[in-house]
Amino acid sequence: TKAPQELIDLLDLVPIDHLELLISLLETERGTTTRRILRDLIQKYATDNIEYGLKKISHLEGDVAADLFASLVEARPEQSMELVRSAFKRSDTAILKKALDILEELKDPAPVTEELYNLLSSNSEDIRIQAMKLLAKIRDLKVFVRIFERVKRSDYSIREADVMGSILYQLNPKAVEREMLDWIKPRGLFSFKKVSVNKQQKWVAISALAL
């Protein structure tokens with residue numbers, strides 16, 4: 001929903017700090033349509049005052065922070081990667097999700113590879129999964145190693161196991177077959193290699209090998 005031009009013309013006539021006013025309204029407004037209009041207006045007025053928006057966002061959380069962040073990116077698209085990198089320093093799930101969504105649109109996640117690695121330790125399963133999917137686009141051997149390290153743990157769901165298996169096979173099918181085939185063999189068919197895996201790891205292997 002775009003802000004009506006009549007509203008913009010009216011605001012331009014009023015000698016106030018438009019960005020400060022609009023952000024304060026965003027903090028309290030809950031109506032979906034009104035919030036979209038506020039985001040559109042913030043984008044317009046943040047173009048020449050991005051520093052205030054960045055300062056303000058550091059004191060906000062949740063959907064308000066995420067909406068403001070999205071408006072700042074739209075206001076300065078040429079600084080998108082820089083803004084995404086700054087968002088990745090936050091622990092707020094809503095703003096991390098928004099930053100990951102924007103990173104998907106940017107097509108190339110390579111400049112923030114290290115930040116994506118850090119998100120593999122996020123408390124949010126959704127954040128971890130989205131970070132893994134973006135890392136998979138980089139197609140680097142280190143990505144396989146880092147995700148495989150997470151597979152060795154047991155603090156993840158079947159859903160996450162399924163995603164990790166698919167990504168690992170996509171990145172290096174030969175390594176998956178070498179490392180995981182024994183994980184799902186019947187006990188009597190195990191090789192001499194000692195194998196001890198948990199339920200989640202078996203599911204990773206099943207997903208990776210499409211069995």
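Descriptive notes on the structure:
- The chain: most fluctuating residue of 92, 155, 126 per GNM, C-alpha cutoff 10 Å: 155
- Surface share of carbon and sulfur [accessible, 1.4 angstrom probe, percent] for the chain: 52 percent
- Solvent-accessible area per residue, Å², over region 17-75 with all protein chains present [probe radius 1.4 Å]: 49 Å²
- Spherically averaged projected area of region 97-163 from its Cα convex hull (nm²): 4.2 nm²
- Relative to the 2.2 N^0.38 Å rule of thumb, region 42-81 has a C-alpha radius of gyration ratio of 1.03.
- At 0.890 mPa s and 25 °C, Stokes diffusion of region 1-119 via Kirkwood alpha-carbon radius, µm² per second: 167 µm²/s
- Linear extension gain, residue 52 paired with residue 13, 0.36 nm per residue minus alpha-carbon span: 11.9 nm
- Gyration tensor over alpha-carbon atoms, region 66-119, equivalent ellipsoid semi-axes in Å: 16, 14, 9
- Alpha carbon Rg of the chain, scaled by the compact-globule rule 2.2 N^0.38 Å: 1.33
- Those residues of region 82-107 whose amide nitrogen sits under 17 Å from the label point placed on residue 59, 7 Å along Cα→Cβ: none
- 1.4 Å probe accessible area per residue over region 85-147, in Å²: 50 Å²
- For region 1-69, diffusion coefficient by Stokes-Einstein and Kirkwood Rh (Cα), 37 °C, 0.692 mPa s, µm²/s: 269 µm²/s
- Using a Förster distance of 30 Å, the FRET efficiency for residue 124-residue 179 (Cβ separation, nearest 0.05): 0.65
- Relative contact order (%) - criterion: Cα under 8 Å, at least six apart; region: the chain: 13 percent
The values are calculated or read from the model by the stated rules, or taken from the named source; none is laboratory data. All figures in this text were calculated on a predicted structure; none of them were measured in a lab. Positions of Cβ are backbone-derived with ideal geometry, glycine not excepted, and every protein chain shown enters the neighbour counts. Accessible surface is based on the protein model in full, side chains and every heavy atom, while ligands, DNA and RNA are left aside. Shrake-Rupley method; radii C 1.70, N 1.55, O 1.52, S 1.80 Å.
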